[in-house]
Amino acid sequence: MQNNVFECINITNVINKLELKKTNQIGNNIFVYCPFCQSKKEKNGYMKINMQNNCYICDNCEASGTSIELYAKLKYMTNKEAFTQLLREIPVLDNMPYVYNNPIKNELYRDIVYNSFLDMQTLRDEHMEKLQKIGLSKDYIQKHNFKSIETREKQKKEICLKMQEQGLKLDGIPGFMQDKDFKWTYKSHKGIFIPVFLDNKIQGLRILLDKEYRNDTKNIWFSSNNAYNGTKANNFITILKNENFSWADMYNSNHKTSIIIATEMILAHKLFFSTNKIVIGIPNNVDKDIIISLINRMKVTEVFLYHDIYSIKHTSVRIYKNVMETLENLGIKVHFRIITNYFEENVKHREIQTKVA
Ligand SMILES: [Zn+2]
């Protein structure tokens, strides 16, 4: 940590604070008017701000350096003074010129950060009870690391600080962001974190909310898009299967294989626990291409498409029809199911008309 202390000040903070005008953004690079060689009347910004490497370079006058150096040069101070000042001062947040979304870090790094993060959260009794009522066992809940979300501001910052002390960086991790005092924190909602695993790595965190959000959903992503130094979550998917299950066996066997596709994570867990089939969880999405590409990699003969009441609400009949017809054309038998309430006891659910009108 000591070696890259200058990296503690994200360069996007510095350009916000200096109010450098953004002209363009390509990938991880933001272009601004170069404060050393350029007037704002010129058309293009020559200075390239690399958000990943936390440095700047001007294609015209060749000025370059780190985030701290940029601030120090423009404010005529030493790097040390610049660093101290940037840490102490509240950035210009009230009229912040721009909000940036960080590029997302890869799944290996996200897995490390989210594991450390979940270790610092606890699962409260009322949430344990709720998950058990949904139909999961205590062992299953603990094994999958479901946790209650800490929502108190002070505690949230303490958790983030502990993670930083472990050497973890929180930029590029969906859910995390910086507060006005430069301290890292995260977007919190009252509810339960559902880690979304793929190949035993946590891709992201889904949130099962305590209260329905605007009659519209009970589930959202842990995401911090458009927050200060925040990162947007993708629509991650999960594949739940037995540990001793091998894809090769499945692909080479002549057995009929039926799988479940669930359009919500908590639903995917409920169904996996009660059926022990392979369950693919694709939150709020019935994306035909994702489904087909997953199914093509397995030797699937039958698909159960499970929806909760919210995904039904948000998906048009045309999309259902399209998915179903495509699967049937591949010789796959499709069953539609709706779960109206996560607490429903068994898996015999009301069937939607197979021919969606
Ligand atoms: Zn320049």
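The values are calculated or read from the model by the stated rules, or taken from the named source; none is laboratory data. This structure is a prediction, so every number in the text was calculated from the model and none was measured. Glycine gets a Cβ as well: all are built from the backbone with ideal geometry, and neighbour counts include every protein chain shown.
Filtering segment 88-145 down to residues that are modelled with pLDDT under 95 and of a type in the set (Asp, Glu), which residue is surrounded by the fewest Cβ atoms within 10 Å (Cβ to Cβ)?
By that ranking, first place goes to Asp94.
When segment 50-86 is examined, which residues are found to be touching a residue at least 40 places away in the same chain (Cβ under 8 Å), more than 15 Å from the ligand (Cβ to nearest atom) and either crowded, with 18+ Cβ neighbours inside 10 Å or assigned by TED's automatic domain parsing to the domain that holds Lys169 (or both)?
Within segment 50-86, Met51, Asn54, Thr66, Ser67, Ile68, Tyr71, Phe83, Leu86 meet the criteria.
Filtering segment 18-49 down to residues that are within 21 Å of Lys75 (Cβ to Cβ) and among the polar types (S, T, N, Q), which residue is nearest to the ligand (Cβ to nearest atom)?
Gln38
Per-residue answers, yes or no, for (1) part of a loop (DSSP other than H, G, I, E, B); (2) under 18 Å from Lys270 (Cα atoms); (3) touching a helix residue (DSSP H, G or I) at 6+ places or on another chain (Cβ under 6 Å); (4) assigned by TED's automatic domain parsing to the domain that holds Phe272:
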| site | (1), (2), (3), (4) |
| --- | --- |
| Leu305 | no, yes, no, yes |
| Tyr310 | no, yes, no, yes |
| Lys313 | no, no, no, yes |
| Ile319 | no, no, no, yes |
| Gly331 | yes, no, no, yes |
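Name the residues in segment 30-49 that are charged (D, E, K, R) and surrounded by fewer than 19 Cβ atoms within 10 Å (Cβ to Cβ), would you?
Lys40, Lys41, Glu42, Lys43
Here's the yes/no breakdown for (1) of a type in the set (Lys, Arg); (2) surrounded by 15 or more Cβ atoms within 10 Å (Cβ to Cβ); (3) at pLDDT below 85:
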{"residue": "Leu205", "(1), (2), (3)": "no, yes, no"}
{"residue": "Tyr228", "(1), (2), (3)": "no, yes, yes"}
{"residue": "Met250", "(1), (2), (3)": "no, yes, yes"}
{"residue": "Thr263", "(1), (2), (3)": "no, yes, no"}
{"residue": "Lys277", "(1), (2), (3)": "yes, yes, no"}
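For every residue, the table says whether it meets (1) outside any helix (DSSP H, G or I); (2) charged (D, E, K, R); (3) on the phi < 0 side of the Ramachandran plot.
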site: Met128; (1), (2), (3): no, no, yes
site: Leu161; (1), (2), (3): no, no, yes
site: Gly167; (1), (2), (3): yes, no, no
site: Pro195; (1), (2), (3): yes, no, yes
site: Ile207; (1), (2), (3): yes, no, yes
site: Lys211; (1), (2), (3): yes, yes, yes
site: Lys218; (1), (2), (3): yes, yes, yes
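Anything in segment 274-299 that is at positive phi and under 21 Å from the mean Cα position of the chain (by Cα)? List them, or say none.
Asn284
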